[in-house]
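Peer 1: Structure incoming, see below.
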Amino acid sequence: MLTFAILGGTLLILFALAFFMKRRFGVLGLALTAGSLLSMYWTDAVQAFLEQQGITSVAPPLSGVVAISLALLPAILLLFSGPTYSNKTQRIIGGVLFAIMAFLIVLPALRVIFVIEPDAEQIVAILSQYKNSILAVLIVYATIDTMLAANSKPVEKH
């Protein structure tokens, strides 16, 4: 039950960030994609650097904290600037898509940090199985959303 609360809370926080900041999913989705690559390639190096500086963590493991931080950092920075949605429906859809994408990207690190209970492990296993396909669709949608935001021009008044 605790695992469901942690996973659900993570999704809710990610949704709330995108919803209340009104940022378009396209820019945030592409930032999550960049963060995923940063996390994939730099987690070990950043962890080693932090350990050389005397920063250690056993619970939660430093590798998990670094991986999540690197994955979310570009998107979090872009939450404070960039194109926005104008209506509530778009904000809800964008927030849900951002939460799903961010959650799927940080899921491997969450599995390192938290012990997943057996009942939640089934859901996590299904998500992990379809993760790459879902992320591919979300990246395509983020690219299209970014193109639509860049091509939308204000209506001129005559």
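Peer 1: For I55, which of the numbered conditions (1) assigned to a helix (DSSP H, G or I); (2) touching a Leu at 6+ places or on another chain (Cβ under 8 Å); (3) not small (G, A, S) fails to hold?
Peer 2: (1)
Peer 1: In addition: Enumerate the pairs (first residue in the stretch 78-107 and within 26 Å of A67 (Cα to Cα); second residue anywhere and part of a loop (DSSP other than H, G, I, E, B)) with beta-carbon separation below 6 Å, excluding pairs fewer than 6 apart on the same chain, so at least 6 apart or on different chains.
Peer 2: Listed pairs, sorted by first residue: G94/Y85.
Peer 1: Here's another thing I want to ask about it. Please count how many residues of the stretch 83-106 are of a type outside the set (F, W, Y), under 18 Å from I144 (Cβ atoms) and within 10 Å of the chain's Cα centre (by Cα).
Peer 2: So the count comes out to 3.
Peer 1: Let me ask something else. Of all the residues that make up the stretch 69-119, how many are in a helix (DSSP H, G or I), of a type in the set (G, A, S) and either modelled with pLDDT of 95 or more or more than 11 Å from L28 (Cα to Cα) (or both)?
Peer 2: Going through the stretch 69-119 one residue at a time, the tally reaches 3.
Peer 1: Just checking, does the stretch 9-27 include any residue being under 18 Å from Y141 (Cβ atoms), surrounded by 14 or more Cβ atoms within 10 Å (Cβ to Cβ) and polar (S, T, N, Q)?
Peer 2: no
Peer 1: Answer with yes or no whether Y41 is surrounded by 15 or more Cβ atoms within 10 Å (Cβ to Cβ), out of contact with any Ser or Thr (no Cβ under 9 Å at 6 or more places or on another chain) and either aromatic (F, W, Y) or over 20 Å from M21 (Cα atoms) (or both).
Peer 2: It is false that Y41 is surrounded by 15 or more Cβ atoms within 10 Å (Cβ to Cβ), out of contact with any Ser or Thr (no Cβ under 9 Å at 6 or more places or on another chain) and either aromatic (F, W, Y) or over 20 Å from M21 (Cα atoms) (or both).
Peer 1: Within the stretch 70-82, which residues are more than 10 Å from the chain's Cα centre (by Cα) and not hydrophobic (A, V, I, L, M, F, W, C)?
Peer 2: Within the stretch 70-82, S81, G82 meet the criteria.
Peer 1: Any chance the stretch 14-31 includes a residue that's within 30 Å of I144 (Cβ to Cβ), touching a residue at least 40 places away in the same chain (Cβ under 8 Å) and over 14 Å from the mean Cα position of the chain (by Cα)?
Peer 2: Yes: the stretch 14-31 contains one or more residues that are within 30 Å of I144 (Cβ to Cβ), touching a residue at least 40 places away in the same chain (Cβ under 8 Å) and over 14 Å from the mean Cα position of the chain (by Cα).
Peer 1: Would you point out which residue out of A99, A67 is surrounded by 12 or more Cβ atoms within 10 Å (Cβ to Cβ) and more than 13 Å from R23 (Cβ to Cβ)?
Peer 2: After applying the criteria, what remains is A67.
The values are calculated or read from the model by the stated rules, or taken from the named source; none is laboratory data. Please read all numbers here as calculations on a predicted model, not as lab measurements. Note: ideal-geometry Cβ built from the backbone for every residue, glycine included; neighbour counts use all protein chains shown.
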